[in-house]
Amino acid sequence: MRHVIALDVGGTGMKAALVGAGSVMPDGHSSGPPALLHEARRPTGRERGPDAVVESILDFAAELLAYGEEHFGERAVAAGVAVPGIVDAENGIATYAANLGWRDVPLRRLLGERLRGIPVALGHDVRTGGLAEGRIGAGNGTDRFLFVPLGTGIAGAIGIEGRVEPGAHGFAGEIGHIVVRPDGVACPCGQRGCLERLASASAVSLAWAEASGDPDADAADCAKAVESGDPRALAVWHTAIDALADGLVTALTLLDPRVLIIGGGLAEAGETLFVPLRAAVRERVTFQKLPEILPAALGDTAGCLGAGLLAWDLIAATPHSAEPTATDTATDSGSDSNSATATDSNSATATDSGSDSNSATATATATATDSSEVTA
């Protein structure tokens, strides 16, 4: 059965699937749910260092390739991989990720070698998740959408006619670094008053922990307290919603989306979030067209499903390329596919082990973009 490998790499875990051919439509829409032929999860092993993380990814992908051969009678025809941080998708480089500790990893090449030459697509985690939400999730059938997951940070994916716009330099959609409160709380990116410092799930968790006096309290606890009418929780919640509405109105003024899709951990509060958020956005628009504001539909599977879409898009873009067979064992004899530190100046060994997402010494660009490592 024809299929692709889909792999979503997060800060602590990896989600993977073998995705069947009938599940996606390269023209941008789908008439049915994805055909997930096989699903698997495992930890990234980041506590063992960036080289070990890369090796874990390569091993996981190889196991998925073997599973497809054994259970479906043929090799995967392509692979799609979504990773956090700064991503050079065009050249297949995982440029920087603070929470994984890597720099300039030629992940597309390493995966291609380990997977015996099948084509590999590499994408940014939030944009890849947005691709799935736009085509087969909450935005299915919509020509213009903005996907905004609210998790550890805040980022965005700008959807246009079934694809996601990366921008000229791969940084499009960094809505979390719109300044909504000038001279507000400092952000690791170097600015003050950034949206994600006020309205992300982690920002709400910090604010509620302080307001409640419980250092272990989080955003989910705050939402429950809001539902029970706790005035301290209501104050924290509305501060976050006001900031979020300000940032979203700036985004919709610039982008004019038809649908605004909100995901991530904070969106799990449901109508406790969406009722006041819709009202706050409505109050702020003047000449702008108010988009439909919807909860994300795919949950934490969006990144994995989006990776599958990337793989099928890659196949669709090269329809005359030769596809591998189960007996094809061709390898690059000059490469060591078992090493995450393959000889390349951009290998996983070129890592600054001292990098930290909270470090003031990190470059503003790297830190700003890395904040989009959003947890669902």
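Which count do you get for residues in region 242-281 that are more than 25 Å from residue 230 (Cα to Cα) and without any contact (Cβ under 8 Å) to a residue 24 or more places away in the chain?
1
Does residue 166 satisfy the condition of being in contact (Cβ under 8 Å) with a residue 12 or more places away in the chain and open to solvent by 40 Å² or more (accessible area, probe 1.4 Å)? Can you show your working first?
Working: in contact (Cβ under 8 Å) with a residue 12 or more places away in the chain: yes; open to solvent by 40 Å² or more (accessible area, probe 1.4 Å): yes.
Considered against the rule, which asks whether it is in contact (Cβ under 8 Å) with a residue 12 or more places away in the chain and open to solvent by 40 Å² or more (accessible area, probe 1.4 Å), residue 166 comes out as yes.
Could you please find all residues in region 257-287 being more than 22 Å from the chain's Cα centre (by Cα) and closer than 18 Å to residue 175 by Cβ? Break it down stepwise before answering.
First pass over region 257-287, keeping only residues more than 22 Å from the chain's Cα centre (by Cα): 271-272, 275-287.
If the condition is that a residue be more than 22 Å from the chain's Cα centre (by Cα) and closer than 18 Å to residue 175 by Cβ, then 277, 278, 280, 281, 284, 285 are the ones that fit.
Tell me whether region 131-152 contains one or more residues that are within 15 Å of residue 10 (Cα to Cα), crowded, with 24+ Cβ neighbours inside 10 Å and aromatic (Phe, Trp, Tyr).
Within region 131-152, not a single residue is within 15 Å of residue 10 (Cα to Cα), crowded, with 24+ Cβ neighbours inside 10 Å and aromatic (Phe, Trp, Tyr).
Check residue 200 against each of (1) polar (S, T, N, Q); (2) open to solvent by 10 Å² or more (accessible area, probe 1.4 Å); (3) in contact with a strand residue (DSSP E or B) (Cβ under 6 Å, 6 or more places away or on another chain) and name the one condition it does not meet.
Result: residue 200 fails condition (2) only.
Determine whether residue 45 is free of Cβ contacts under 8 Å to residues at least 24 places away in the same chain, open to solvent by less than 10 Å² (accessible area, probe 1.4 Å) and farther than 25 Å from residue 170 by Cβ. Before you say what the answer is, go through the steps one by one.
On the way: free of Cβ contacts under 8 Å to residues at least 24 places away in the same chain: yes; open to solvent by less than 10 Å² (accessible area, probe 1.4 Å): yes; farther than 25 Å from residue 170 by Cβ: yes.
Yes: the conditions hold for residue 45.
Determine which member of the set 266, 260 is farther than 17 Å from residue 201 by Cβ and surrounded by 22 or more Cβ atoms within 10 Å (Cβ to Cβ).
260
Check residue 230 against each of (1) in contact (Cβ under 8 Å) with a residue 40 or more places away in the chain; (2) open to solvent by less than 60 Å² (accessible area, probe 1.4 Å); (3) charged (D, E, K, R) and name the one condition it does not meet.
(1)
Within region 96-115, identify whether any single residue is closer than 16 Å to residue 263 by Cβ and not polar (S, T, N, Q), and answer yes or no.
no
I'd like the full set of residues that are in a helix (DSSP H, G or I) and within 13 Å of the chain's Cα centre (by Cα), limited to region 288-309.
Passing the criteria: 299, 300, 301, 302, 303, 304, 305, 306, 307.
Among the numbered criteria (1) aliphatic (A, V, I, L, M); (2) open to solvent by less than 10 Å² (accessible area, probe 1.4 Å); (3) under 16 Å from residue 259 (Cα atoms), which single criterion is violated by residue 195?
In the conditions (1) aliphatic (A, V, I, L, M); (2) open to solvent by less than 10 Å² (accessible area, probe 1.4 Å); (3) under 16 Å from residue 259 (Cα atoms), residue 195 misses (3) alone.
Cβ-Cβ below 8 Å, separation at least six or inter-chain, first residue in region 307-319 and farther than 17 Å from residue 133 by Cβ and of a type outside the set (A, V, I, L, M, F, W, C), second modelled with pLDDT of 90 or more and not in a helix (DSSP H, G or I): which pairs?
Cβ pairs passing all conditions: 318/119.
Might you check whether a residue that is of a type in the set (Asp, Glu) and at pLDDT 90 or above occurs anywhere in region 12-33? I'd like the intermediate steps shown before the answer.
At the first step, the residues of region 12-33 found to be of a type in the set (Asp, Glu) are 27.
From what's left, at pLDDT 90 or above: none.
The answer is no; no qualifying residue exists.
Mind listing just one residue for me: the one in region 97-107 that is part of a loop (DSSP other than H, G, I, E, B) and of a type outside the set (S, T, N, Q) and, of those, modelled with the lowest pLDDT?
98
Name the residues in region 169-187 that are open to solvent by 20 Å² or more (accessible area, probe 1.4 Å), out of contact with any strand residue (DSSP E or B) (no Cβ under 6 Å at 6 or more places or on another chain), within 24 Å of residue 122 (Cβ to Cβ) and not hydrophobic (A, V, I, L, M, F, W, C), would you?
169, 174
Every residue in region 47-96 that is among the small types (Gly, Ala, Ser) and outside any loop (DSSP other than H, G, I, E, B), please.
Residues satisfying the conditions are 52, 56, 61, 62, 66, 68, 79, 80, 82, 94.
Name, by its number, the condition in (1) open to solvent by less than 30 Å² (accessible area, probe 1.4 Å); (2) touching a residue at least 60 places away in the same chain (Cβ under 8 Å) that does not hold for residue 99.
Of (1) open to solvent by less than 30 Å² (accessible area, probe 1.4 Å); (2) touching a residue at least 60 places away in the same chain (Cβ under 8 Å), only one is false for residue 99: (1).
Would a scan of region 110-120 turn up a residue that is assigned to a helix (DSSP H, G or I), touching a residue at least 24 places away in the same chain (Cβ under 8 Å) and open to solvent by 10 Å² or more (accessible area, probe 1.4 Å)?
Yes, the conditions are met somewhere in region 110-120.
The values are calculated or read from the model by the stated rules, or taken from the named source; none is laboratory data. Keep in mind that this is a model prediction, so the values were computed, not measured. So basically every Cβ, Gly included, is an ideal-geometry build from the backbone, and we count neighbours across all protein chains shown. The accessibility values were calculated without ligands, DNA or RNA, using every heavy atom of the protein model including side chains. Shrake-Rupley method; radii C 1.70, N 1.55, O 1.52, S 1.80 Å.
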